[in-house]
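Scroll down for the structure; my scribbles are underneath it.
Rule-based calculations on the coordinates, nothing more; no lab input. Since we're looking at a predicted model, the values are computed, not measured. Reconstructed Cβ throughout: ideal geometry from the backbone, glycine too, with neighbour counts over all protein chains shown.
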Amino acid sequence: METLSRGEVFAQYGVELTRFAASLVGPIEAQDAVSEAMVRILWSKAWDRVDNQRAYLYQAVLSQAKMHHRAVSRRRVRETEAARVMAGISPPPDVDVWDALGRLSLQERAVVFLTYWEDLNEADVATRLGVSDRTVRRRLEKARSTLGRMLNV
């Protein structure tokens, strides 16, 4: 695997990582997620020992997306509870496909995005994420099952 300098990494992978991040955190937050992940890992001492830089970058963006969602989830819980108390209203049910996709785990959503939006096969998804083909199959199967249940399909 070719090792790129720190300066070459963003030029090489920035666009695809931003598309990937958009599927995980949405298009508005995608660039921030990629930037934060890049800053965090490119200047760490571990970066110099990375064999598969592309997979490492995808994992870093996935990790950054997890942190983002934890923060958003905590905020939503606080805001929803405050709104209910103040207005006495319950939130509308989630029936939309996008809402269902948003309820998948980030790992499942990552596999769904790369499989269906990027049209990659299992081996390519596994390579991008730095996981095994079997892990990709399991996550995709679980995502399909979960979506089927949520959408009553």
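Tabulated values for the structure
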{"quantity": "In degrees, nearest ten, helix 53-87 long axis to first principal axis of the chain (Cα)", "calculated": "20 degrees"}
{"quantity": "Mean-position separation - Cα centroids, region 133-150 and region 9-50, in angstrom", "calculated": "25 Å"}
{"quantity": "Residue among A71, A126, A37 with the largest mean-square fluctuation in a Gaussian network model of the chain, springs linking Cα atoms under 10 Å", "calculated": "A71"}
{"quantity": "Karplus 3J(HN,Hα) series, Hz, for region 16-31 with 6.51 cos²θ - 1.76 cosθ + 1.60 (x for Gly, Pro)", "calculated": "5, 5, 5, 4, 4, 4, 4, 6, 9, 10, x, x, 6, 8, 4, 4"}
{"quantity": "Positive minus negative residues near A33 (Lys, Arg vs Asp, Glu; Cβ under 12 Å)", "calculated": "0"}
{"quantity": "Potential lengthening between T146 and D99 on full extension [0.36 nm per residue; Cα-Cα distance subtracted]", "calculated": "15.7 nm"}
{"quantity": "Karplus 3J(HN,Hα) series, Hz, for region 127-136 with 6.51 cos²θ - 1.76 cosθ + 1.60 (x for Gly, Pro)", "calculated": "5, 4, 8, x, 10, 7, 4, 4, 4, 4"}
{"quantity": "Cubic angstrom per residue, convex hull over Cα atoms of the chain", "calculated": "121 Å³"}
{"quantity": "The chain, helix-only ellipticity at 222 nm - DSSP H runs n ≥ 4, -39,500 (n - 2.57), divided by all residues, nearest 500", "calculated": "-24000 deg cm²/dmol"}
{"quantity": "Sequence of F20, F10 once ranked by neighbouring C-beta atoms within 10 Å, starting from the fewest", "calculated": "F10, F20"}
